[in-house]
2 protein chains.
Amino acid sequence: MASDGVVVFQLKVWKTLEADVLFHNGDKTHSVDEQKRLAMLQLVKYLQYKFYTDGVANNNYKKKTRTMMDLNEAMAVLNLNISVKFALGVSLFANAILSLGTERHLPLYEAAWRGEYVWIVTVVCLLQIFSCVALTEVGHGSNTKKMRTTATYDPCTHEFVVHTPDFQAAKCWIGNLGKTCTYALLFAQLYTADGTCHGLHGFVTPIRDPKTLLPFPGIIVGDMGEKTGLNGIDNGFIIFQQYRIPRESLLNRLSDVTLDGEYETMFTTPEQQLGAALENLSAARVGIMGEGTNACCSAVAIAVRYAAVRKQFGPSADSELPILEYQLHQWRLFPYMAATCALKVFVADFTDQYLECVERSNSGESIEDLPASVSEIHAMVSSTKPLVTWTCRDTIQECREACGGHGFLKGFLALYLFDICVPSSGLGDLRNNFDASVTYEGDNNVLVQQTSNWLLRQWARVLDGSEVASPYHTVNFLADSADILKKKFRGQDVTNNEFILDAYQWLVCWLLRETHHRLMASQELGEDRFTARNNAQVFRARTLSLVYAENNALTYFWRRCNSRELDGRVKAVLTKLHSLYGLWCLDKHLSTFYQGGYATGSTLADLVKEGILQMCSQLKSEAVGVADALAPPDFVLNSVIGKSDGKLYDNLQAQFFHNSGAMERPTWWSEIAPKPLSKL
Amino acid sequence: MASDGVVVFQLKVWKTLEADVLFHNGDKTHSVDEQKRLAMLQLVKYLQYKFYTDGVANNNYKKKTRTMMDLNEAMAVLNLNISVKFALGVSLFANAILSLGTERHLPLYEAAWRGEYVWIVTVVCLLQIFSCVALTEVGHGSNTKKMRTTATYDPCTHEFVVHTPDFQAAKCWIGNLGKTCTYALLFAQLYTADGTCHGLHGFVTPIRDPKTLLPFPGIIVGDMGEKTGLNGIDNGFIIFQQYRIPRESLLNRLSDVTLDGEYETMFTTPEQQLGAALENLSAARVGIMGEGTNACCSAVAIAVRYAAVRKQFGPSADSELPILEYQLHQWRLFPYMAATCALKVFVADFTDQYLECVERSNSGESIEDLPASVSEIHAMVSSTKPLVTWTCRDTIQECREACGGHGFLKGFLALYLFDICVPSSGLGDLRNNFDASVTYEGDNNVLVQQTSNWLLRQWARVLDGSEVASPYHTVNFLADSADILKKKFRGQDVTNNEFILDAYQWLVCWLLRETHHRLMASQELGEDRFTARNNAQVFRARTLSLVYAENNALTYFWRRCNSRELDGRVKAVLTKLHSLYGLWCLDKHLSTFYQGGYATGSTLADLVKEGILQMCSQLKSEAVGVADALAPPDFVLNSVIGKSDGKLYDNLQAQFFHNSGAMERPTWWSEIAPKPLSKL
């Protein structure tokens, strides 16, 4: 599903790291502190390999960034800690400088992107520009407008005075801040000396002396301690105490403060300033989508391979069937396999569009539909990140359960890589590391509201009779909503891919109209806009956004299924996977089709359910092939129960016997040995 | 929801352990080996407290066991490792001896149950009878019939020779086996000298010398290494090499081998023998249900309390609302709160019935409906354990997500107890520890098949015109299925509790008939019984079993809502919780009501969804009160974000600042400091 070039590139990265002893670990989970140390050393080494400088130095933004993303995706599959550390510490920082900074910040941007220079600045003097992105505070996450850290301009010294009014305003959860960063990309409320607040702005803020790694005076910075997963990342908190930074720290492309303290901006409201300041963080969400689909690949590969080898029960006393033969087991796994394929293709193609859009936006060219493009991209990001991360969460969990007890095994094979990443069954750590993604970089339940708001604006245009603003064509069909909403199910073949796409268009239109009606009804009851919006989320706006994302996934995936480059056999398999993912999604919304009058009687439900079982059955003989195509090499997958050799029990035996200390008497045995009564 | 006596008893246990420094831990997750050591020391100390000997020495089986279960539930909330260790090492062992053993095993049984004697034998000489239950093998879990460990009787020496033919037949995943047990309750295929296999039997098998904790010659025993959770338990594997144990090791109540090698049994088929051997393991499933509902209590308490304090967004620039005020947030949490209440009541009442049934069964009294009772209890256990553990999994996950990033925090407060149990947010470890429960003690997806098989047998009786065999009245309504299946939705008030129960009866009947039809259709197509069963699981038998369990939960809970002892205000709240849980369950099956012709048009869907939102809104002001009722004391809950004082941010500040090493420079700082180029 990735292009050949990407596959070759990622394989090269994996092979190189496999040959490096630093990336081999022992057979136990390290202490949290040791996990952080290793993540940092591995990051430094990873940068020294200069993977992303090969041939990209002179490429354009899109190509360069895409290569960067492919690289970091490869790293994420191997070890999510390193890729997150890199994204926060280098690439998000560089991106923010590009979109928010000016000439005076350009040396830093170039340092971050141009290979040789990165090597010198980032590695040899790594800590001089190793960064974190400091937005979230203890008391506020989603409501960015309410961040309370201030940066007040002092015209006498030409400095900003950064201050944390109280503990609730302390920045927290900031990755790389706890122990290692030297700079923060800090978001704070900009005040001028007259006491006016101009909203959230970005500041490049020194945190630690790179020569000693000691924090500068005027800040209290610390590590947040152990988390459920991702313990290679040093998430930290920071309290600023009237901490002074130079005026030039302000990323001043869109707004600036003059030397003598006048605030100048290209925006008319602080809301616009806020939107612009945060928009470039979208890149992180796009990165998370890619990582999510790859995590699905690993989980599905492990579970399908396990199911092909594991036998249990059978038709007669002497024969047992691989559990993959059971309809129940197919139904548990194959829809997730199909979802993985659909989302992987969708996210890959969408990422290209996203980068193109950012490139156009940064170029400063005046392009007619740029605002509309940016809005549609934002709506897509805001629903796709939730769809992917929730699907990923469920995929990993179902795969873990489908591997039974062996899916609960952690343990390590000393010969294998990266204990922090995907050890033994691999599924527990996969889950714990990816779990953060449903709430970080925009809580999923909050993020989807941005999508539904955009969809409602498009619906208003439809009602107005004006054209929808959808340069990426994701909702052009709304223009036909009147006809679409009249459609009824007529007993068609539900496994037909075009039928599924049609049904989805009905679903989007119906949910959009319902959401709109609910909002209107609330407003007629005299509810304010805030309350009306809140009361239109459950069963309506929230579902709408996810259905919109599913529709996009199905549409993009179907486009790729019909790509001319595809080999006929591959196309046949992808077409079935498309049907299965589509039917599985439809099944989850089945009651809505009845509620909305699209279907009556039992036929639709009967056919959708039979269609799912039929697709599962048809995909059975392809499943291991698909799993092999999705899986990274064994040393990256690092799962004793999901290896490509199919020698499940031999591999388990090796793990059991070579697991360190497995057969030793515990050193503490005498503490629990029988004692004479008097000793108690 | 628990009786006052139980609450007082459990509080006493918690207070006692809180005062014991052994149960206080440091501020980091210990190494896996240290977790095992601590679990063992804590278990020994826990037994020394003799909590369960107080006043129960002379009670009957049911009362004694119930007290035992209440105690171990209290322990599970505090530290699941200890309670699992105890259940496997002492109580399951004792139960098995009672139901499978004879007089010659009675001293061991009494040792396990009678307080003083336990204290002497179990504690002072703890390891002499510290046990494990060895059933699962590397190659077989669910398919118990296929276990391949053999125990062959040698009439010359009057011994059984236990043997593991190959690695796939090694016992594995056996809790307590890896490092600590001295005995195994071993299940092996019994062979007589003539080469006849008589099926799976239980043997009390010595594993380690209690004086040295070294394994006896003739076995290879080891620890399985790190798992995703529950790392205080030493899960192990064992390979027997022609290992000899005395003839008296056989638990011979139901079947025996004479001194000269004749096999005698009260059963006519090996299947019956297998069923009898394994039935007593049901107790573990009942215990898991209790633990699951308690885990839900902890998760819900944390998330509701957090939501009451955490503010985000608001109607105007200056005001922010607690997130509990948002309909979306209520809809995310309150159904789980309602599910927790329903399941907690259901499991508590069912546990009493279960123990009564076991007591009658063990008493040897000839009671007319005993076989029917045992079967119905088995059907209930086999669907309730899956319902509870899956609901628990989803509850913990939703609660973790509803606490945003702070729900991902692990970390420890040095002042608090049991780092292995519920640290900091508490939710990550809660999930990792309870995750095992969906696949252990009977994989959920396999277990539910036992329920549907029983239901299908009852359906066959209905079709025959004979009475259903339901001494616990869970399916008496099947007798009226013809009328029930004719019912149509007529626009009633769906929040009405009786309506919900009626709708559920329709659902059970419809799914049962559907499953039966599918089986008939398969058999008419010439499919064998095995294949027909397998192809009737998805959308049919599997859903049926879960719906049956939901119906039981709703019925039992409703009975308790109508108990005369209830205070009027409490009853009002419970009634709403019943409606909410019922509607939330109905919503998940909504398409089936349309598919089956129970409903047409939008009304049912509209009303169910509105009903859910209405109940959420009505429960808002009660939510914190319900959470407080569900929560264990703070030192047991051990969650920095879920404390009863509501001082979320003060508690977080204390955690951040006192987290050990939080503000220290990493000891490894110089490894990542800038180096001159030549050093690279």
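Taken over region A:325-346, residues that are open to solvent by less than 10 Å² (accessible area, probe 1.4 Å) and of a type in the set (S, T, Y) amount to 1. Does region A:12-50 hold any residues that are within 11 Å of another protein chain (Cβ to nearest Cβ), open to solvent by 60 Å² or more (accessible area, probe 1.4 Å) and touching a residue at least 60 places away in the same chain (Cβ under 8 Å), and which are they? If the condition is that a residue be within 11 Å of another protein chain (Cβ to nearest Cβ), open to solvent by 60 Å² or more (accessible area, probe 1.4 Å) and touching a residue at least 60 places away in the same chain (Cβ under 8 Å), then A:K28 is the only one that fits.
In region B:224-242, of all residues being within 7 Å of chain A (Cβ to nearest Cβ) and touching a residue at least 60 places away in the same chain (Cβ under 8 Å), the one that is farthest from A:R431 (Cα to Cα) corresponds to B:F237. Contact map, region A:550-565: residues that are surrounded by 13 or more Cβ atoms within 10 Å (Cβ to Cβ) paired with residues that are modelled with pLDDT under 95, Cβ distance under 9 Å, separation 6+ or inter-chain. Pairs shown: A:R560/A:M1; A:R560/A:L566.
Going by the structure shown, is B:N453 assigned to a helix (DSSP H, G or I), more than 8 Å from chain A (Cβ to nearest Cβ) and either at pLDDT below 90 or surrounded by 24 or more Cβ atoms within 10 Å (Cβ to Cβ) (or both)? No: the conditions fail for B:N453. Checked against the criterion of being of a type in the set (A, V, I, L, M, F, W, C) and either at positive phi or at pLDDT 90 or above (or both), the candidates A:V21, A:V77, A:V90 yield just one match: A:V77. One residue stands out in region A:327-345 among those that are within 9 Å of another protein chain (Cβ to nearest Cβ) and in contact (Cβ under 8 Å) with a residue 12 or more places away in the chain: the one that is farthest from A:M289 (Cα to Cα), namely A:Q327. A single member of B:A469, B:A460 is more than 28 Å from B:V438 (Cα to Cα) and open to solvent by less than 30 Å² (accessible area, probe 1.4 Å), and it is B:A469.
Which of the residues belonging to region A:130-139 are within 11 Å of chain B (Cβ to nearest Cβ) and β-branched (V, I, T)?
Selection gives A:T136, A:V138.
I need a count of the residues in region B:627-647 that are surrounded by fewer than 22 Cβ atoms within 10 Å (Cβ to Cβ) and touching a Phe, Trp or Tyr at 6+ places or on another chain (Cβ under 9 Å). Count: 4.
When each of A:Q242, A:Q273 is tested for being open to solvent by 20 Å² or more (accessible area, probe 1.4 Å) and either closer than 23 Å to A:C357 by Cβ or of a type outside the set (D, E) (or both), the lone residue that passes is A:Q242.
Restricting attention to region A:214-239, the residues that are aliphatic (A, V, I, L, M) and surrounded by fewer than 22 Cβ atoms within 10 Å (Cβ to Cβ) add up to 3.
Against the test of being at negative phi, in contact with a His (Cβ under 7 Å, 6 or more places away or on another chain) and part of a helix (DSSP H, G or I), the options B:A284, B:A307, B:A301, B:A276 yield a single qualifying residue, B:A307. Checking the structure you have, find out if any residue of region B:140-157 is charged (D, E, K, R), part of a strand (DSSP E or B) and within 11 Å of another protein chain (Cβ to nearest Cβ). Checking region B:140-157: not a single residue is charged (D, E, K, R), part of a strand (DSSP E or B) and within 11 Å of another protein chain (Cβ to nearest Cβ). When region A:158-177 is filtered for residues that are within 14 Å of another protein chain (Cβ to nearest Cβ), not in a loop (DSSP other than H, G, I, E, B) and not hydrophobic (A, V, I, L, M, F, W, C), the ones remaining, listed by number, are A:Q168, A:K171. Tell me whether region A:353-363 contains one or more residues that are under 25 Å from A:I396 (Cβ atoms), touching a residue at least 40 places away in the same chain (Cβ under 8 Å) and of a type in the set (D, E). Within region A:353-363, not a single residue is under 25 Å from A:I396 (Cβ atoms), touching a residue at least 40 places away in the same chain (Cβ under 8 Å) and of a type in the set (D, E).
Look at A:R542 and say whether it is facing chain B (nearest Cβ under 9 Å) and within 30 Å of the chain's Cα centre (by Cα). For A:R542, the condition - facing chain B (nearest Cβ under 9 Å) and within 30 Å of the chain's Cα centre (by Cα) - is met.
Scanning region B:355-377 for residues that are in a helix (DSSP H, G or I) and either open to solvent by 40 Å² or more (accessible area, probe 1.4 Å) or modelled with pLDDT of 95 or more (or both) yields a total of 11. Is there any pair linking a residue in region B:592-603 that is more than 7 Å from every other protein chain (Cβ to nearest Cβ) and in contact (Cβ under 8 Å) with a residue 40 or more places away in the chain to one that is open to solvent by 20 Å² or more (accessible area, probe 1.4 Å) and of a type outside the set (A, V, I, L, M, F, W, C), with Cβ under 6 Å and at least six apart or on different chains, and which? Between residues of region B:592-603 that are more than 7 Å from every other protein chain (Cβ to nearest Cβ) and in contact (Cβ under 8 Å) with a residue 40 or more places away in the chain and residues that are open to solvent by 20 Å² or more (accessible area, probe 1.4 Å) and of a type outside the set (A, V, I, L, M, F, W, C), the close pairs are B:T603/B:G491. Annotation: B:M337 fulfils all but one of (1) of a type in the set (A, V, I, L, M, F, W, C); (2) in contact with a Phe, Trp or Tyr (Cβ under 7 Å, 6 or more places away or on another chain); (3) within 30 Å of B:Q312 (Cβ to Cβ); the unmet one is (2).
Among the residues of region A:300-315, are any open to solvent by 30 Å² or more (accessible area, probe 1.4 Å), touching a Phe, Trp or Tyr at 6+ places or on another chain (Cβ under 7 Å) and either β-branched (V, I, T) or without any contact (Cβ under 8 Å) to a residue 24 or more places away in the chain (or both)? Yes. For region B:153-183, the set of residues classified as without any contact (Cβ under 8 Å) to a residue 60 or more places away in the chain and open to solvent by 50 Å² or more (accessible area, probe 1.4 Å) consists of B:C156, B:P165, B:D166, B:Q168, listed by residue number.
You will find that of B:G582, B:G611, B:G596, the residue that is at pLDDT 95 or above, in contact with a Phe, Trp or Tyr (Cβ under 7 Å, 6 or more places away or on another chain) and surrounded by 15 or more Cβ atoms within 10 Å (Cβ to Cβ) is B:G596 and no other.
The values are calculated or read from the model by the stated rules, or taken from the named source; none is laboratory data. If you're wondering where the values come from, they're calculated on a predicted model, not measured in any experiment. Virtual Cβ from ideal backbone geometry, glycine too; neighbours counted across all protein chains shown. Side chains included, ligands, DNA and RNA excluded: accessible areas come from the protein's heavy atoms. Shrake-Rupley method; radii C 1.70, N 1.55, O 1.52, S 1.80 Å.
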